[in-house]
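Contents: one structure, followed by commentary.
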Amino acid sequence: MRTMHRILVSVVLLLVALSSQAQRHRVKADLPAVGTTGFYRIDVTPALSAEANSDLSDVRIVDEGGRQAPYVLRQAMPSASVFHPFQVLSQVTDSSNTTVDLETVGSARIGEIFLVLANTAVERTAAVSGSTDRLHWFAIAEDVRLQTSVDTDPGSFGQLVRFPPVDYPYLRLQIRNGRKDPLNLLRAGVYEKPGSRIGSQFRDNPAPSFAQRDSSGRSTLSIRQNAPYRVDRLFLNVQGARYYQRPVRVYTVDRAGVRTLVATSLLRSGDSAGIELGGMKSEGLMVQVENGDSPPLSITAVRLAQRSTFLVAYLQTGRRYTLLAGLAGAHPPLYDLSAFADRIPTDVPLLVAGPFKETSTKQDAGRPFDPLWIALAIGLAALGFLTFRLLRDVKKASPMEGPDAHDQGS
């Protein structure tokens, strides 16, 4: 009996292992052949972002033999030429918060802080306050989401914290740790020409459809994408008032109609930088604009954009490479190349991936049957046979029931 039990457990473990190995990427796209061995970059297009996990953990580049080509992820950084750092006057971490006081003397009117953080896989919320004397502080923005990094390249990533423009000489950034380890803030400041970096830092998704509904004190904007593209920034074209400042909330809406809050912000006249959404993926969005007693604004156009990101890989001539995506639960790859990212040239040729197609299409019908599935079928048959044997042995070993059993016991 014990031997049968051990065999049964072994078969079950084998089936689990075979099942996990049989999982495949859902889609693939061919890369063009390269004429020279060297580094190339592949843009993370909206089409790729729609198929891949939100953190790109499932994306792989493989050759015709199934060997992976290591890559690093890079994001387009702000194009402004001069970074103006703020002086850190104090930085204190207690059991719940990290509080950083910054001096902004010498800067013009400020509506954002560019934070440089060590790479992290956790999220935090933060609040921004301002002061003229470091004694009395006034709220500027609350519940600002600090996102995780998808850039495995230099060991740090930039995070833009936006808020209504202010003239305070001192700013306080309070990061809520919730009794967990703090984030590693490396530096903070502003770029001298913040308006010049929006275009190069983001790329537009295909134009969505949208509809506006106005009710008492609130306008609701329903937005629909034709695929679950990644969205880092939402831009709204507004008409209806010369000056306005309205609180907004942005939700994702799934196919069952369930809403999830992803961002809170201000819709403010003269502000063209958009609303930060932090890389969410959804076909449906809802934007609620609180009008108060003011007349509703008219939304005339909607743009959804993702941060410009690309893969940089070392590819060889004579090999055919394929881009794979669409594997839920995949872990980000760990490549040695990430330790040498600073040696990769910044200006490398661009490769455009072909259209994505299912990995198990009719075009694959001529391929031999995957031996993993044959092994899986044999394992299932063995499991069924052993289960039958085990049930039969248990039935034989069970005591007799009914009146005869009582007679034999007397």
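Figures for the structure shown
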item	result
Sole exception among (1) modelled with pLDDT of 90 or more; (2) in a loop (DSSP other than H, G, I, E, B); (3) under 23 Å from the mean Cα position of the chain (by Cα) for Gly318, by number	(3)
Those residues of segment 127-165 which are at pLDDT below 85, among the β-branched types (Val, Ile, Thr) and touching a strand residue (DSSP E or B) at 6+ places or on another chain (Cβ under 8 Å), in sequence order	Val150, Thr152
Which listed residue, of Ala330, Ala263, Ala313, Ala341, is within 20 Å of Pro228 (Cβ to Cβ), in the same structural domain as Ala52 (by TED's automatic domain parsing) and touching a residue at least 24 places away in the same chain (Cβ under 8 Å)	Ala330
Residue check for Ser95: exposed (fewer than 12 other Cβ atoms within 10 Å of the Cβ), of a type outside the set (Asp, Glu) and touching a Ser or Thr at 6+ places or on another chain (Cβ under 9 Å)	no
Count of residues meeting criterion [part of a loop (DSSP other than H, G, I, E, B) and within 23 Å of the chain's Cα centre (by Cα)] in segment 161-179	2
Boolean, Ala121 is closer than 22 Å to Tyr229 by Cα and outside the structural domain of Thr264 (by TED's automatic domain parsing)	yes
In segment 123-144, residue farthest from the chain's Cα centre (by Cα) [restricted to those that are loosely packed, with under 12 Cβ neighbours inside 10 Å and among the hydrophobic types (A, V, I, L, M, F, W, C)]	Leu135
Qualifying strands (runs of 3 or more DSSP E) (wholly inside segment 214-257; at least 1 residues being modelled with pLDDT under 95)	230-239, 245-253
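The values are calculated or read from the model by the stated rules, or taken from the named source; none is laboratory data. Given the structure is predicted, the values throughout are model-derived calculations rather than measurements. Note that each Cβ is placed from the backbone with ideal geometry, even for glycine, and that neighbours are counted across all protein chains shown.
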